[in-house]
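Take a look at the structure set out below.
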Amino acid sequence: WSEVNRCGQNGDFARALKSVNKILQISKEDVTALQCKVVCLIQNGNFKEALSVINTHTKVLTSDVIAFEKAYCEYRLNRIENALKTIQSASQQTDKLKELYGQVLYRLERYDDCLAAYRDLIRNSQDEYEEERKTNLSAVVAAQSTWEKVMPEDLGLREATYELCYNSACALIGQGKLNEAMKKLQKAEELCRQSLSEDSDVTEEDIEAELAIIHGQMAYIMQLQGRTEDALQLYNQIIKLKPTDVGLLAVIANNIITINKDQNVFDSKKKVKLTNAEGVEHKLSKKQLQAIEFNKALLAMYTNQADQCRKLSASLQSQSPEHLLPVLIQAAQLCREKQHAKAVGLLQDFADQHPANAAEIKLTMAQLKIAQGSVTKACMILRSIEELQHKPGMVSALVTMYSHEEDIDSAIEVFTQAIQWYQQFQASQTRGANPKSPVHLSLIREAANFKLKHGRKKEAISDLEELWKQNPKDVHTLAQLISAYSLVDPEKAKVLSKHLPSSDTMSLKVDVDALENSHGATYVRKKAGKLTGDNQQKEQGQGDVKKKKKKKKGKLPKNYDPKVTPDPERWLPMRERSYYRGRKKGKKKDQVGKGTQGSTTAGSSELDASKTASSPPTSPRPGSAAAVSATSNVIPPRHQKPAGAPATKKKQQQKKKKGAKGGW
């Protein structure tokens, strides 16, 4: 036992385990010895063996004695649900169990319960681990902000460490406050460098490895801000460091894949391997793992791996039946295979099964119908989305599409239904009163403009009259109403024109001098001046002499001699001139190369070396080459170059250069 005690104090748990085993050989059921053995195995990282010892001695090692050690082994072996049951079954909740309980709740993503557990721990404990508890508490708040979109409360934690600064930055990212989050991360980086540089044993590489997670979050903010090039550069720098945190590597690889999208797919395929590393599923949250799986399915679609894409999206749909993305990925894959009708059918089935998500699915269906050219069917699908029918954006889209199809009646019907909806909604909100909301009035005005544009003047007049009743001081509406009546009932237009304000009452705050001296006014004034000047010249009559344009002097040839009289026939073709004698013939008649290919001429016999007396034999004997060169200067026929050969070769090279494309 003294050996066990000494080794335990020195941290030599391997030797302590040997001494414990000697004790257990003497007394197999010694509770203290078994408990010491379990602790030694845990300290050496042998969690499976430690759990096996606990399970084989359940009679001796009851839950009261060894509950913490058992729960800790299950936690480290990623059996989180079992660890929770072990903690909850313990008769006495010690501080150690409460600490572990908080960690287990965090891994199970039960953030509300976890927050309450850590608050209780901080309130009821005072020791050297208080800073770690506060760090864990801030991590829970950051997770709530990021994954549950909960507005974090101010915990009043002093950000004295880089871990607290980092967690605060994550919470700000969850709220969308990216600039503030970046400042926090920069502060966290500074604090990290300061704290680690104080230790002489820590190298620069160790500091960079510790900063990797902070830099990864910085790159994520850059990506959200649209600075993808900077984000990609920082991501690649982190990967080059080869950090040991597989969770960090998986997240960075996933983010690079999202930047690449359908480009650089070979790089994305390499990065996917990092997301498949062992133990990744225990390091990331459920939403992170789900996002990675979605991106794998999309990458399979972009790389034309249709079967793999279907397999991944089907697996995702079975895990989350109500999630939209798996169905949308399947529909996108079908569209890539030109199976649009099947894609629309798939989306329709999902919309029928999950009415809560029907709006987004139907918008996608409408987009597919538009892509197929079925605009009317797309309009029918859009009008079936009841919760969006009255929205100004939907009304605008439907009116535009119906106008494109020249279905003016349907477009006006869309306006009418939206106006009626707002009228009923406003009446229900104001208990029978009939005030018009800004959106309602805007829709009435747009409907009136649309009807005027398409010749529905009487219908437009009723809308404009309603608008004018709501605001009799609106001069713009009154002017539109008068304009519309002038086309239908001029007398009524005259009556209404009396309501227009006089020019004396209208206070136009316009600086006339500044307006006249502006660039546009100057241009118009100059243009008008030019036009009036031209008119004045025309009105002066035919007696005025118009100014003739000066003709430019023609250019003379370089060899022009003013003393010599130019040839009077120089403008005639050469054949029509009096001194033309025709071409001289007969000089080049007997030249070699004249005529068709292979033909012979009279002069060809002179070039036949075999007919000359001094010509050597066509096949000289070996050793007679020197004699041949000494006795005769005649070049053998096969060594002769035909006339014009170099020029022809040069032309061919020029043609090759001219028509060449690309390199090797």
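The values are calculated or read from the model by the stated rules, or taken from the named source; none is laboratory data. Values in this document were obtained by computation on a predicted structure and should not be read as measured data. Quick reminder, even Gly has a Cβ in these numbers, built from the backbone with ideal geometry, and neighbours come from all protein chains shown. Ligands, DNA and RNA are stripped out before the accessible areas are found, and what is left, the full protein with its side chains, is counted by its heavy atoms. Shrake-Rupley method; radii C 1.70, N 1.55, O 1.52, S 1.80 Å.
Points worth noting:
- When a 1.4 Å probe is rolled over the protein heavy atoms, the share of accessible surface on the range 335-486 that falls to carbon and sulfur comes to 52 percent.
- Rounded to 0.05, the FRET efficiency of the Ser483 and Thr416 pair, given R0 = 22 Å and the Cβ-Cβ distance, is 0.45.
- Cα-only radius of gyration and Dmax that characterise the range 117-234, units Å: 15.3, 49
- Gain on full stretching of the segment that runs from Glu128 to Val512 - 0.36 nm per residue minus C-alpha separation: 130.4 nm
- On full extension, the segment bounded by Asn78 and Thr32 gains 13.9 nm, given 0.36 nm per residue less the C-alpha separation.
- Applying a DSSP loop filter and a limit of 10 other Cβ atoms within 10 Å to the GluC sites (Glu not before Pro) in the range 359-421 leaves Glu406.
- Note on the range 171-269: with neighbouring protein chains present and a 1.4 Å probe, carbon and sulfur make up 48 percent of its accessible heavy-atom surface.
- The range 43-93, accessible surface, carbon-and-sulfur percent (1.4 angstrom probe): 42
- Rolling a 1.4 Å probe across the protein heavy atoms gives the range 350-433 an accessible surface of 56 Å² per residue.
- Here's the picture: a label point sits 7 Å out from the Cα of Met151 along the beta-carbon direction, and within the range 169-183 the residues with their amide nitrogen under 20 Å of it are 169-181.
- Förster-model FRET efficiency, 41 Å R0, Leu196 and Thr58, C-beta, rounded to 0.05: 0.35
- Projected label points at Leu24 and Ser318, each 7 Å from Cα along the beta carbon direction, are separated by 4.2 nanometres.
- Gyration tensor (alpha-carbon) shape descriptor, the range 56-105, a/c threshold 1.5: oblate
- For the range 175-232, the orientation-averaged shadow of the C-alpha convex hull comes to 4.2 nm² (one quarter of the hull surface).
- Annotation note: GluC sites (Glu not before Pro) in the range 171-248 located in DSSP loop regions with a Cβ neighbour count of at most 13 within 10 Å are Glu198.
- Potential extension, Leu108-Lys261 segment - 0.36 nm per residue separation minus Cα distance: 51.9 nm
- 14 Å Cα-Cα reach of Lys70 towards aspartates and glutamates, excluding residues that sit fewer than 8 places from it in its own chain: Glu49, Glu81
- If R0 is taken as 35 Å, the Cβ-Cβ distance between Asn449 and Asn179 corresponds to a FRET efficiency of 0.25.
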